[in-house]
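The values are calculated or read from the model by the stated rules, or taken from the named source; none is laboratory data. All values derive from a computational prediction rather than experimental measurement. Positions of Cβ are backbone-derived with ideal geometry, glycine not excepted, and every protein chain shown enters the neighbour counts.
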Amino acid sequence: MSINNKNVNDIKASHEEVALLLPWYLNGTLEPKEHRKVENYLAVCSECRLEMEELKIIQSAVIESNETISGQKVEDRRIRG
């Protein structure tokens with residue numbers, strides 16, 4: 001089976017569409033149909049899997065920084081208050 005231009009364009013369109021959905025997939029906010037689409041695509045696209053790993057690192061860093069900031073605000077209130 002050969003890949004023709006239509007197949008290449010379909011793959012490219014799917015890749016771009018899935019790449020845009022990755023942040024919402026990570027947050028768990030996709031509709032079930034979109035969730036399955038991303039999950040299925042991740043099974044075959046190493047580039048998207050790598051992007052997911054990078055997004056997980058960013059998400060963890062943001063969560064950690066928010067916890068740190070929240071903790072500092074609480075301590076600042078104790079010192080001032």
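Close Cβ contacts (under 7 Å, 6 or more residues apart or on different chains) running from residues in the range 26-41 that are more than 15 Å from Lys56 (Cβ to Cβ) to residues that are loosely packed, with under 15 Cβ neighbours inside 10 Å and modelled with pLDDT of 95 or more comprise Leu30/Trp24.
Does Glu39 satisfy the criteria of being touching a Phe, Trp or Tyr at 6+ places or on another chain (Cβ under 9 Å) and at pLDDT below 95? Break it down into steps so the answer makes sense when it comes.
On the way: touching a Phe, Trp or Tyr at 6+ places or on another chain (Cβ under 9 Å): yes; at pLDDT below 95: yes.
Yes: the conditions hold for Glu39.
State whether the residues of the range 8-21 include one that is modelled with pLDDT of 95 or more and in contact with a helix residue (DSSP H, G or I) (Cβ under 9 Å, 6 or more places away or on another chain). So far as the range 8-21 goes, yes, one or more of its residues are modelled with pLDDT of 95 or more and in contact with a helix residue (DSSP H, G or I) (Cβ under 9 Å, 6 or more places away or on another chain). Checked against the criterion of being under 30 Å from His15 (Cα atoms), among the basic types (Lys, Arg), at pLDDT 85 or above and within 14 Å of the chain's Cα centre (by Cα), the candidates Lys56, Lys33 yield just one match: Lys56.
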